[in-house]
1. From the list Tyr56, Tyr17, Tyr13, which one is in a strand (DSSP E or B) and among the hydroxyl-bearing types (Ser, Thr, Tyr)?
2. Can you tell me which residue within segment 26-35, out of those that are in contact with a strand residue (DSSP E or B) (Cβ under 7 Å, 6 or more places away or on another chain) and of a type in the set (A, V, I, L, M), is farthest from Leu11 (Cα to Cα)?
3. Spot the failing condition for Ala20; the list is (1) surrounded by 10 or more Cβ atoms within 10 Å (Cβ to Cβ); (2) closer than 19 Å to Pro8 by Cβ; (3) over 14 Å from the mean Cα position of the chain (by Cα); (4) free of Cβ contacts under 8 Å to residues at least 60 places away in the same chain, and only one is missed.
4. Name the single residue, out of those in segment 23-54 being of a type in the set (D, E, K, R) and surrounded by 14 or more Cβ atoms within 10 Å (Cβ to Cβ), that is nearest to Glu70 (Cα to Cα).
5. Is there a residue in segment 40-52 that is touching a Cys at 6+ places or on another chain (Cβ under 8 Å), at pLDDT 95 or above and part of a loop (DSSP other than H, G, I, E, B)?
6. Which residues, counting only those in segment 36-67, are out of contact with any strand residue (DSSP E or B) (no Cβ under 8 Å at 6 or more places or on another chain), among the small types (Gly, Ala, Ser) and without any contact (Cβ under 8 Å) to a residue 24 or more places away in the chain?
7. Is it the case that Ala61 is outside any loop (DSSP other than H, G, I, E, B), at pLDDT below 95 and among the aliphatic types (A, V, I, L, M)?
8. Tell me, please, whether a residue that is out of contact with any helix residue (DSSP H, G or I) (no Cβ under 8 Å at 6 or more places or on another chain), part of a strand (DSSP E or B) and without any contact (Cβ under 8 Å) to a residue 60 or more places away in the chain can be found in segment 68-75.
Amino acid sequence: MSMSPTGPTTLSYSVYYAKASEGGYVAHVPALPGCHTQGETLEEAEINASEAIELYLESLAAHGEEVPRETSSFQGRVTVHLPLSA
């Protein structure tokens, strides 16, 4: 993680977890494109997500790229109706 002149910076990012069809959980960080990970348990997925975020941000800093700040994030559910198959 990059350091500011006054010390380390603390950032927070939303992480979305879903059960994986093959078992375990997958984690996705919407504010960091391509930042995904997984774990056998929800706790493991959370630990892995934290590590993935840190590595992602370190890579950005190493390449001189700007570290994204998360903006307001919203989650919703959309229901769709499908016609019955004949």
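The values are calculated or read from the model by the stated rules, or taken from the named source; none is laboratory data. Quick caveat: nothing in here was measured; it's all calculated off a predicted structure. Note that we place each Cβ from the backbone using ideal geometry, even for glycine, and neighbour counts take in every protein chain shown.
1. Numbers: Tyr56 fails: in a strand (DSSP E or B); Tyr13 fails: in a strand (DSSP E or B).
From the options Tyr56, Tyr17, Tyr13, the qualifying one is Tyr17.
2. Val26
3. Condition (2) is where Ala20 drops out.
4. Our first condition is that a residue be of a type in the set (D, E, K, R); within segment 23-54, this holds for 40, 43-44, 46, 51, 54.
From what's left, surrounded by 14 or more Cβ atoms within 10 Å (Cβ to Cβ): 44, 46.
On the way: Glu44: 23, Glu46: 18 Å.
By that ranking, first place goes to Glu46.
5. Among the residues of segment 40-52, not one is touching a Cys at 6+ places or on another chain (Cβ under 8 Å), at pLDDT 95 or above and part of a loop (DSSP other than H, G, I, E, B), which makes the answer no.
6. Residues satisfying the conditions are Ser50, Ser59, Ala62, Gly64.
7. Numbers: outside any loop (DSSP other than H, G, I, E, B): yes; at pLDDT below 95: yes; among the aliphatic types (A, V, I, L, M): yes.
So Ala61 fits the description; yes.
8. No: segment 68-75 contains no residue that is out of contact with any helix residue (DSSP H, G or I) (no Cβ under 8 Å at 6 or more places or on another chain), part of a strand (DSSP E or B) and without any contact (Cβ under 8 Å) to a residue 60 or more places away in the chain.
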